[in-house]
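The values are calculated or read from the model by the stated rules, or taken from the named source; none is laboratory data. Nothing here was measured: the structure is a model prediction, and the numbers come from that model. Using ideal geometry, Cβ is built from the backbone for each residue, glycine included, and neighbour counts are taken over all protein chains shown. SASA here: full protein model, heavy atoms, side chains in, ligands and nucleic acids out. Shrake-Rupley method; radii C 1.70, N 1.55, O 1.52, S 1.80 Å.
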Amino acid sequence: DSRQKNLVRIFNEACYRHNRWNVWSDFVVMAAISISNIVDKTHFESREKTYFTLAEKYNKKELDCFGRMFAEIVLGIDECPDQDFLGELYMALELGNSHAGQFFTPYNVCRAMAAMTFGPDLKEKIERQGWVSVNDPACGAGALLVAFANECRRPGNDINYQTSVLFVAQDIDMIVGCMCYIQLSLLGCPGYVVIANTITNPTIAIDDRGLIPVPGENIWYTPFYFRDVWHYRRLAFQMDTFFKKRKSPEPAAPMLPEAEPTPHPLVLNEAKGGQLTFF
């Protein structure tokens, strides 16, 4: 679309002195850090150091290009949330690693898969359990999870995924994992992205629904993971674990620290259907 075309034009401006792959990968990581460091104080210092190390490669004009590129992503997803904005760009620019099997699923196929996964009993599960979790263990840029979020919003489904669905993603590739993180964050999807090998190091949580992952350096929590409703759910689980541990001699799940929320709450506006938006 027009926003993707604008981003490509700006991206080319930033590539005069640099390798295209390096520019894309540095931009994606810096954009992901910019979002993460608003809310995740546990990883703030290490990621801030990475940000400035990457930024040192570029002059003021090139860094300005990064800012304009990020603005196009924000506007593109805001204007048309039902798309794989970054995944389509990544493949169109031929940045994918074919040797690693990076052939992203077309978004229309992801929409069909999300519709089949949705199921007629999802609302009943949410009413019974309070919320559900959805996982993609080889997420790429997150197209399948983006499609599921949009499936929740379709007329007739009418599920507020911001309060009712936890999105869990994992990928072995740092760059595409950060692309997934950016898209989920801008869509207001609560959850996290784990950068690790799903086969040898699958995501592990201390609860049976994936609400609280075992802490690690390469876990990227989305801003909406820190919304009050999800905070209280994590707190309720930890309190329940604490009292079970006191009542029973059996070992209970460990009380592990979470990523610390920002002391300055996000400024959010309520949109149609009760969903919140950054804009």
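So for the stretch 5-21 (the condition being part of a helix (DSSP H, G or I), of a type in the set (A, V, I, L, M) and free of Cβ contacts under 8 Å to residues at least 40 places away in the same chain), does at least one residue qualify?
The answer is no, given that none of the residues of the stretch 5-21 is part of a helix (DSSP H, G or I), of a type in the set (A, V, I, L, M) and free of Cβ contacts under 8 Å to residues at least 40 places away in the same chain.
Can you tell me which condition GLU45 does not meet? The list is (1) in a helix (DSSP H, G or I); (2) among the charged types (D, E, K, R); (3) in contact (Cβ under 8 Å) with a residue 40 or more places away in the chain; (4) surrounded by fewer than 15 Cβ atoms within 10 Å (Cβ to Cβ), and all the others hold.
Of the numbered conditions (1) in a helix (DSSP H, G or I); (2) among the charged types (D, E, K, R); (3) in contact (Cβ under 8 Å) with a residue 40 or more places away in the chain; (4) surrounded by fewer than 15 Cβ atoms within 10 Å (Cβ to Cβ), the odd one out for GLU45 is (3).
Of all residues in the stretch 141-167, which are open to solvent by less than 10 Å² (accessible area, probe 1.4 Å) and not in a helix (DSSP H, G or I)?
ALA141, GLY142, VAL165, LEU166, PHE167
Yes/no per residue for (1) open to solvent by 10 Å² or more (accessible area, probe 1.4 Å); (2) closer than 21 Å to GLY130 by Cβ; (3) among the hydrophobic types (A, V, I, L, M, F, W, C); (4) in contact with a Pro (Cβ under 7 Å, 6 or more places away or on another chain):
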site	(1), (2), (3), (4)
ASN201	yes, no, no, no
VAL214	yes, no, yes, no
ASN218	yes, no, no, no
ALA236	yes, yes, yes, no
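Being crowded, with 24+ Cβ neighbours inside 10 Å, in a helix (DSSP H, G or I) and touching a strand residue (DSSP E or B) at 6+ places or on another chain (Cβ under 6 Å) is the filter here; which residues of the stretch 168-183 pass it?
Result: GLY177, CYS180, TYR181.
Take the stretch 26-41 and flag every residue that is at pLDDT 95 or above and not β-branched (Val, Ile, Thr).
ASP26, PHE27, MET30, ALA31, ALA32, SER34, SER36, ASN37
What number of residues within the stretch 192-223 are in contact with a Leu (Cβ under 8 Å, 6 or more places away or on another chain) and either within 18 Å of CYS178 (Cα to Cα) or among the charged types (D, E, K, R) (or both)?
Residues flagged as in contact with a Leu (Cβ under 8 Å, 6 or more places away or on another chain) and either within 18 Å of CYS178 (Cα to Cα) or among the charged types (D, E, K, R) (or both) within the stretch 192-223 amount to 5.
Just one of (1) out of contact with any Leu (no Cβ under 6 Å at 6 or more places or on another chain); (2) surrounded by 16 or more Cβ atoms within 10 Å (Cβ to Cβ); (3) in a helix (DSSP H, G or I) trips up LYS61, so point out which.
Failed condition: (2).
From the set of residues in the stretch 117-140 that are open to solvent by less than 50 Å² (accessible area, probe 1.4 Å) and aliphatic (A, V, I, L, M), which is nearest to the chain's Cα centre (by Cα)?
VAL134
What is the residue count in the stretch 83-113 for residues that are open to solvent by 60 Å² or more (accessible area, probe 1.4 Å), part of a helix (DSSP H, G or I) and modelled with pLDDT of 85 or more?
Total meeting the criteria: 7.
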